[in-house]
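Worksheet for the structure shown next.
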């Protein structure tokens with residue numbers, strides 16, 4: 001009898017250990033999956049050196065002074081029926097918020113920030129380093145001048161703004177997206193393997209250090225600086241690779257054409273906060289900054305890959321649809337996507353953008 005009880009206890013104990021092991025493995029798998037990008041960055045920094053196209057010294061210095069035609073990504077065919085979103089008169093709501101005079105790019109010409117912009121921008125990451133010293137370093141590596149010409153009335157620049165929403169899965173928007181003069185993408189969203197749905201063309205990609213991915217050859221990397229440390233990272237990633245961590249792992253080196261690296265203007269970020277977002281968020285999402293950036297370099301804007309899932313979460317098209325589990329992201333996200341989504345809907349209603357809603 002005692003032997004039977006002992007055998008039963010051993011079986012129960014093994015079952016208990018199996019359950020615990022399964023739970024631990026599941027948690028480890030989830031943690032690994034959630035942090036797979038960070039792990040990939042750490043691996044790259046540890047085991048890979050500078051990219052093959054990396055250059056230094058006078059060769060890079062001269063490259064930073066080279067400028068292609070500012071509108072080389074736009075063909076010369078012009079559309080007489082162009083609905084230029086930036087022209088006033090069609091929407092009082094839009095006109096009261098839009099400021100066409102703000103430059104989307106930070107350059108030598110506009111490096112001096114206003115008192116309000118400077119105070120707000122520095123408060124994002126609570127940094128007090130001298131801005132001029134940092135800009136002196138970065139403008140020795142990337143263009144000092146504004147490389148994007150003002151829009152011309154005789155031409156119509158059509159842009160596709162491509163977000164990362166899961167509604168792009170099976171959308172077959174690829175050819176339509178690639179038909180635009182400019183295609184603006186954001187963060188580390190991939191195109192390879194997803195061309196049928198998201199296209200392959202890329203003229204601009206907005207990202208901040210943690211969300212950086214290699215841009216297409218010939219495309220602009222538009223860095224969104226949430227503080228001076230982000231600009232320090234850019235200098236490091238283009239030179240000695242000393243910085244590997246900001247508030248999360250970042251790439252030690254980046255393989256980009258320095259003549260096409262741009263800094264997003266903090267004044268544009270502040271204006272997005274004051275005129276569009278208000279107190280709904282501490283700062284606008286990178287996706288909304290991408291949209292606002294397009295308003296200042298495009299005439300017509302078509303929007304793809306924006307919108308939450310039916311569970312209220314903004315999932316990614318390159319990941320499996322997590323279904324109801326997507327609501328977890330909604331709980332931890334720093335952005336009030338529902339508010340930004342309402343802004344997009346209003347812009348659509350006012351006739352300023354066209355939204356392609358994809359598939360759900």
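Values in this text are rule-based calculations from the coordinates and carry no lab data. Every value quoted in this text rests on a predicted model; they were computed, and no experiment measured them. Note that each Cβ is placed from the backbone with ideal geometry, even for glycine, and that neighbours are counted across all protein chains shown.
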Review point. How long is the gain from residue 343 to residue 25 if the chain were fully straight, where each residue apart is worth 0.36 nm and the alpha carbon distance is subtracted?
Key: 110.3 nm
**Study point:** residue 178-residue 321 FRET efficiency (beta carbon distance; Förster radius 35 Å; 0.05 resolution)
**Key:** 0.90
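Using the number of other C-beta atoms within 10 angstrom as an exposure proxy, rank 294, 114, 200 with the fewest first. Spell out each step's value before the answer.
On the way: 294 25, 114 11, 200 15.
Listed from fewest to most nearby Cβ atoms, that is 114, 200, 294.
Cut-off is 10 Å between beta-carbons; in what order do 48, 97 appear when sorted fewest neighbours first?
48, 97
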Review point. Taking 0.36 nm per residue of separation and subtracting the Cα-Cα distance, what length does fully extending residue 103 through residue 16 add?
Key: 25.0 nm
Point to revise | Among 212-218, 232-238, 83-89, the order from most to least packed when residues are scored by Cβ within 10 Å on average | key: 232-238, 212-218, 83-89
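Computed FRET efficiency, Cβ-Cβ of residue 359 and residue 6, R0 45 Å: what is it to the nearest 0.05?
On the way: r = 59 Å, r/R0 = 1.31.
Once rounded, the FRET efficiency stands at 0.15.
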Review point. Sorted from fewest to most neighbouring beta carbons within 10 Å, what does the list 8, 269 look like?
Key: 8, 269
